[in-house]
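Please treat every number below as a calculation from the coordinates, not as lab data. Given the structure is predicted, the values throughout are model-derived calculations rather than measurements. Heads up, the Cβs are rebuilt from the backbone with ideal geometry, glycines too, and the neighbour counts pull from every protein chain shown.
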2 protein chains.
Amino acid sequence: MYVVNYHERDAIEVDMAGAKGATVRWLVAKRTGALNFAMRLFEIAPGGIIPLHAHEEEHEIFVLNGKVKLIGDVEGYAKKDDIVFVPPNVQHGYDNTEGSEIFRFICVIPLLDKE
Amino acid sequence: MYVVNYHERDAIEVDMAGAKGATVRWLVAKRTGALNFAMRLFEIAPGGIIPLHAHEEEHEIFVLNGKVKLIGDVEGYAKKDDIVFVPPNVQHGYDNTEGSEIFRFICVIPLLDKE
């Protein structure tokens, strides 16, 4: 069991074609104890975007700060205190290009390869 | 894919011997789409407690608000922006009996029975 502030996890630029102003911190990853799922914290700066994409891993998301335009399967906005659920293989993305605040969210994914 | 504010999920009193002033909301549960893990939001009021206990499910926790005394395997405090990881079968609990703020946290657990 451990306790650590999230700022102690490195913010890594999101490595995806078309992504801009977006970072991810692996709060609980395989090497820090995750057994079945990993918890990450994303930040998308004003002007930033994570473009439309899809993958096998479902997302369970909780929004900590800000407001973002969702792109893909749901059109609309996600804001502080919202839950977003993205099922496997559903197109999704987050557009903060017109936003004025950092959009910060927790995003949990399954560890498909647990080895 | 859906978006919903967490207040739309019912706050249910934590059903555990010795628990006081503690509620849980199932943000993403099996019936709301969870496939491999469930996301919950707990609130422990000032004066409240979730006593020492252990179970097979690991916890990946992110603290949204407040500060709480941890009991069990780790002695110390968890506060806003902290990550807490509780491995399987490790004794843990959250004591807000001397606190002055609501302690609010996200807690993700595996769905051991996925059927």
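Using the alpha-carbon centroid of each, what span in Å lies between the range A:1-64 and the range B:33-52? A separation of 22 Å, based on Cα centres. A straight chain from B:Ala45 to B:Asn5 at 0.36 nm per residue would run longer than the Cα-Cα distance by 12.3 nm.
Across peptide B:52-61, the mean count of Cβ atoms from other chains lying within 10 Å of each residue's own Cβ comes to 3. Sequentially through the range B:57-71, phi angles give Karplus couplings (6.51, -1.76, 1.60; θ = phi - 60°) of 6, 5, 10, 10, 10, 10, 8, 8, 8, x, 8, 9, 7, 7, 10 Hz, Gly and Pro residues having no value and appearing as x.
For A:Gln91, the amide hydrogen comes within under 5 Å of the amide hydrogens of A:Asp73, counting only partners 5 or more places away or on other chains and with H modelled in the peptide plane. In this label model, A:Lys79 and B:His55 are separated by 3.4 nm, measuring between points 7 Å along each Cα→Cβ vector.
Electrostatic tally near A:Val28: other residues with Cβ closer than 11 Å to its Cβ, Lys and Arg +1, Asp and Glu -1, net +3.
Tell me which of A:Ala11, A:Val108, A:Pro46 sits at the most positive position along the dipole axis of chain A, charges placed on C-beta atoms (Lys, Arg +1; Asp, Glu -1). Selected residue: A:Ala11. For B:Gly18, the point set 7 Å out from Cα toward Cβ sits 5.3 nm from its twins in the other copies, listed from shortest up.
Mean partner shielding of peptide A:67-76, defined as the number of other chain Cβ atoms within 10 Å of each residue Cβ, is 1.
Lysine pairs in the protein assembly as shown whose alpha-carbon atoms fall under 15 angstrom of each other, counting only those eight or more residues apart or on distinct chains, come to 12. Amide H contacts of A:Asn5: B:Ile83, each under 5 Å away and 5 or more positions distant or on a separate chain (H built 1.01 Å from N in the peptide plane; Pro and chain starts excluded). Picking from B:Leu70, B:Leu35, B:Leu52, which is most flexible by a Gaussian network model of chain B using Cα springs under 10 Å? Largest GNM mean-square fluctuation: B:Leu35. Local charge sum around B:Lys79 (other residues, Cβ-Cβ under 12 Å, Lys/Arg +1, Asp/Glu -1)? Computed value for this residue: +1.
For B:Asn89, the shell of other residues with beta-carbons less than 11 Å away shows a net charge of -4, using +1 for Lys and Arg and -1 for Asp and Glu.
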